[in-house]
1. When the stretch 146-165 is examined, which residues are found to be at negative phi, modelled with pLDDT of 90 or more and among the hydrophobic types (A, V, I, L, M, F, W, C)?
2. Which one of these is under 18 Å from the mean Cα position of the chain (by Cα), at pLDDT below 85 and either surrounded by 13 or more Cβ atoms within 10 Å (Cβ to Cβ) or of a type in the set (A, V, I, L, M) (or both): 32, 71, 18?
3. Regarding residue 120, is this residue of a type outside the set (D, E, K, R), closer than 22 Å to residue 207 by Cα and modelled with pLDDT under 95?
4. Within the stretch 136-145, is even one residue modelled with pLDDT under 95, among the aromatic types (Phe, Trp, Tyr) and surrounded by fewer than 19 Cβ atoms within 10 Å (Cβ to Cβ)?
5. Name the single residue that is nearest to residue 171 (Cα to Cα) among those in the stretch 82-109 being modelled with pLDDT of 90 or more, surrounded by 14 or more Cβ atoms within 10 Å (Cβ to Cβ) and of a type outside the set (D, E, K, R).
6. Residue by residue through the stretch 162-210, note down the ones that are surrounded by fewer than 20 Cβ atoms within 10 Å (Cβ to Cβ), hydrophobic (A, V, I, L, M, F, W, C) and part of a loop (DSSP other than H, G, I, E, B).
7. Look through 233, 172 and report the one residue that is modelled with pLDDT under 95 and among the β-branched types (Val, Ile, Thr).
8. Could you list, in sequence order, the residues of the stretch 146-161 that are of a type outside the set (Gly, Ala, Ser), surrounded by fewer than 17 Cβ atoms within 10 Å (Cβ to Cβ) and not in a loop (DSSP other than H, G, I, E, B)?
Amino acid sequence: MAARLGTSVAQAEKSAERLFELSAWRDLELWRTPRGSKQELEKFIEFRGLNYLDEALGRGQGAILCTGHLRSLITFFVALASRGYKINAVRRSALKVQGPIGRWLVKQRTLVGNPNIKFFWMNAASLKAAVQVGNALRRNEIVVFLIDVRYGAETVAVDFLGERKMFPSGHVMMSQVTGAPLIDFFVYHPDESFRQVVELQPPFHPSSDLTAGVQRTFSSLEAKILRYPADWVWFSERELWKNPSD
């Protein structure tokens, strides 16, 4: 993994140590953040580039926010909702295959059931999530896509962390269809404290080249991961990302 991220062994060890620190902090966040006040949240999180989001929403077509699985997404969602933004997130519909204990754990460790954030459950055999996304954008709301996943009906080959893999293109397709701009963002800890920074990039509208649009979002995500690797949640199952030849 160190070689894939382009780091030395010493850098990888330091990142691993920081990873465990942030993992422990995330467990505290899961319980503290949804219960905290707006004033308390402001002490832990800083938004940079929020004007880009406001400009996009000012055009009345909603906004599609793209990122990967990050350790501080819970705080991001709650803090953004506390500022009055209407947030929706696309997720894999895994609840149907989990038992009652698994479903309970998901609800405890995520924002499922939170009245301020809606989840659209993706199912490869259904267009329901796509319709929900389109409706949310027409209401001029925010839709968040976590793009570093290995599921999705429409996948394309892109370069990511030194490999060429197949990834979903739904976020770009929805932008092309609805006219809503794409905004890449990343949540990271800039120093050894637990202070968080949300950095939003300028909005862009993808061209008709679907692969180019997907590649742009992954290149943006990769640049942040290489700089702040401990803030990215990596799972061993991601090794199962499909190769273009599979």
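1. 146, 147, 156, 157, 158, 160, listed by residue number.
2. 71
3. Criteria not met by residue 120.
4. no
5. 88
6. Within the stretch 162-210, just 194 meets the criteria.
7. 233
8. The one that is of a type outside the set (Gly, Ala, Ser), surrounded by fewer than 17 Cβ atoms within 10 Å (Cβ to Cβ) and not in a loop (DSSP other than H, G, I, E, B): 159.
The values are calculated or read from the model by the stated rules, or taken from the named source; none is laboratory data. Nothing here was measured: the structure is a model prediction, and the numbers come from that model. So basically every Cβ, Gly included, is an ideal-geometry build from the backbone, and we count neighbours across all protein chains shown.
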